[in-house]
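Chemist: Let me begin by handing over the structure; questions about it come next.
What follows is calculated from the coordinates using simple rules that are stated; it is not laboratory data. Computed from a predicted structure; not experimentally measured. Using ideal geometry, Cβ is built from the backbone for each residue, glycine included, and neighbour counts are taken over all protein chains shown.
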Amino acid sequence: MGGDDGKVLAALTSGTNDQRWAAARAAGDIPGGVQALGRALSSEADPRLREAFFTSLMRARSLEAVDAVLPHLRSDDANLRTGALDALRGMAETAAPRLPILLSDQDADVRLLACEILRDLPSAEATPLLCRLLEREGQVNVCASAVEVLAEIGGPEALPALAACAARFPNEPFLVFSIKAASARIGGQPPEHG
Amino acid sequence: MTEEEFQRLCDFLYRRTGMLFGEAKRYYVERRITERMGATGATSFASYFARLRGDVRGEIEQFVNAFTVNETYFYREDHQLQCLTSDLLRERLKGKPRGEAVRIWSVPCSTGEEPYSIAIWLLENWPQVDSHDIEILGSDIDTGVLEAARAGVYGKRALMRLGPELIERYFEQIDDEHWRVLADLRGSVRFSPVNLVESAETRPNGRFDVIFCRNVLIYFDDASRRVAAENLYENLAPGGFICLGHSESMSRISPLFEVCRYADAIVYQRPLEAARG
């Protein structure tokens, strides 16, 4: 790493607001920058600077960048979590290899957010993952998130999984209603493979 | 299109582009869907929607084009020009060192109608126009349209919103169908190429008081839109304003800016206190 690159990476956490902003925008193009951006996000409190950090990671659009963002999906800070979700949605295709693991994560919040990332994948990739989740998921809110995404992207191949999910939660009227609405939206349409 | 299909489409469009259509616009939406299905050879809504979601061959841009007026003309969305002279410039001049130029950027400027409109509007509607050094820059990624902008020759349709007295004052007729912007006015607007997602291209343009960036961010994917928003942020002086197209919202793109509601327009401001970038 050159001296200038080292200064940029150091500025991510130790600079003034102006310096951190400039470093955030430059770090994605520097060796080791992606990991440094991910680490620096943990200590960055300014929402505008966080935005720049996440944008640089999105622009990098690599599995390294995905891995740098992923820890923040578990953050206790809702803004950081949302920033991570937006960044991952912006590089959903790159994040795709990590999604099956995220959908099986022990943390229900992570599973719920992973459903949202699937919204930005082609239907043919996302629908089977969401259907498998619906078949085993025990948390109503996670199911509801999957149902909402399927309402936008799913085809008729999702209908059996939706029906089975509704049958598993007969005492959850909101989920049953959501499944009914989603099924109505996607029912009768040929499978999409966009 | 069934009710469910319409809702599905509307949800997707809002999430992807920020364009919001309710039941009242259903006929309008259906007509354009039918047009695009015909153009793409899609035989069902489902197959067309899959194409749209996957952005096959740039279908999102094609679809958005069907909803927006791509034709550019003088004094388009002139409520923003009204806002410029009623509110934005007054705000910008507060605390601005005397003698410092007022800088306005039109990006993308296409064939020049917008930056020339800004120049004409200021001359016609801003009493202080002669008291300030005003720089107007028009930029576009397409160098072909910039050549046309520099030439400043327009047909009747481009001039349709200008009254005959304005045409007389700022144009010379070169044949039955075409008018050229007068040399003085052409000389008051500078043009340069720029790619909004390349900070190496945006930064050299410096900081502006007001940026008009209409109907372009809507076409970008999420990452490019955020990069462009950050570049525009850097190109604004603290306290500077950005005007987007009527169907666009910066709040959906980036938290960097603050929303400002004026009588004539909603615009976005780089906060004064955040003097970074």
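Chemist: Counting DSSP beta bridges in the protein assembly as shown, what percent are antiparallel, to the nearest 5?
Modeler: Within the protein assembly as shown, antiparallel bridges account for around 40 percent of the total.
Chemist: To continue, here is another question. Taking the alpha-carbon centroid of each part, what is the distance from segment B:174-229 to segment B:236-265 in angstrom?
Modeler: With segment B:174-229 and segment B:236-265 each reduced to a Cα centre, they are spaced 17 Å.
Chemist: I want the antiparallel fraction of DSSP beta bridges within chain B, as a percent rounded to 5.
Modeler: 40 percent
Chemist: Quick check: from the Cα gyration tensor, does segment B:124-191 come out rounded (a/c under 1.5), prolate or oblate? Present the calculation step by step, with values, prior to reporting the outcome.
Modeler: On the way: a/c = 2.07, a/b = 1.10, b/c = 1.88.
Note, shape of segment B:124-191 comes out oblate.
Chemist: Give a quick list of trypsin sites (Lys or Arg not before Pro) in segment B:1-108 that DSSP marks as loop, anything other than H, G, I, E or B, with at most 11 other Cβ atoms within 10 Å.
Modeler: B:94, B:98
Chemist: Something else: Mind checking the dipole of segment B:78-269: about its Cα centre, +1 per Lys or Arg Cβ, -1 per Asp or Glu Cβ, Debye to the nearest 20?
Modeler: Dipole size: approximately 500 debye.
Chemist: Note down the relative contact order for chain B as a percent, whole number, built from C-alpha pairs under 8 angstrom at least six residues apart.
Modeler: 17 percent
Chemist: Quick query: amide H of residue B:106 versus all other amide H atoms, modeled in the peptide plane; which residues come in under 5 Å with a sequence gap of 5 or more or a different chain?
Modeler: Counting only residues 5 or more places away or on other chains, the set is B:137, B:138, B:139, B:212.
Chemist: When a/c is below 1.5 the answer is rounded, else prolate if a/b is larger than b/c, else oblate, so apply that to segment A:102-194 with a ≥ b ≥ c taken from the square roots of the Cα gyration tensor eigenvalues.
Modeler: oblate
Chemist: Can you tell me the relative contact order of segment A:1-90? Whole percent, Cα pairs under 8 Å, sequence separation 6 or more.
Modeler: Once divided by the residue count of segment A:1-90, the mean separation gives 23 percent.
Chemist: Just counting partner chain Cβ atoms within 10 Å, what average do the residues of peptide B:220-229 show around their Cβ?
Modeler: Across B:220-229, the average partner-chain Cβ count within 10 Å equals 5.
Chemist: Which GluC sites (Glu not before Pro) in segment B:55-162 sit in a loop by DSSP (not H, G, I, E or B) and have at most 15 other Cβ atoms within 10 Å of their own Cβ?
Modeler: Of the GluC sites (Glu not before Pro), the ones in loops of segment B:55-162 whose Cβ has at most 15 other Cβ atoms within 10 Å are B:71, B:100.
Chemist: GluC sites (Glu not before Pro), restricted to segment A:64-134: which are DSSP loop and have at most 11 other Cβ atoms within 10 Å? Working shown, then result.
Modeler: Numbers: sites: A:64, A:93, A:116, A:125; in loops: none.
Here no loop site has a sparse enough neighbourhood.
Chemist: If you don't mind, another one. Report the Stokes-Einstein translational diffusion coefficient (µm² s⁻¹, integer) for segment A:35-138, Rh taken as the Kirkwood radius over Cα pairs, at 10 °C with viscosity 1.306 mPa s.
Modeler: Translational D for this selection: 116 µm²/s.
Chemist: Compare B:170, B:154, B:75 in a GNM of chain B, Cα atoms joined below 10 Å, and give the one with the largest fluctuation.
Modeler: Result: B:170 has the largest fluctuation of those listed.
Chemist: Given only helices, namely DSSP H runs of n ≥ 4 each adding -39500 (n - 2.57), what is the per-residue ellipticity at 222 nm of the protein assembly as shown, to the nearest 500 deg cm²/dmol?
Modeler: After summing the helix terms and dividing by the residues of the protein assembly as shown, the value is -15500 deg cm²/dmol.
Chemist: Computed over the Cα atoms of the protein assembly as shown, what is the ratio Rg over Rh, Rh following Kirkwood?
Modeler: For the protein assembly as shown, the value is 1.01.
Chemist: If you don't mind, another one. Please label the shape of segment B:227-277 as rounded, prolate or oblate, based on the square roots a ≥ b ≥ c of the eigenvalues of the alpha-carbon gyration tensor (a/c under 1.5 means rounded; beyond that, a/b larger than b/c means prolate, else oblate). Let's see the in-between values first.
Modeler: On the way: a/c = 2.05, a/b = 1.34, b/c = 1.53.
Here segment B:227-277 falls in the oblate category.
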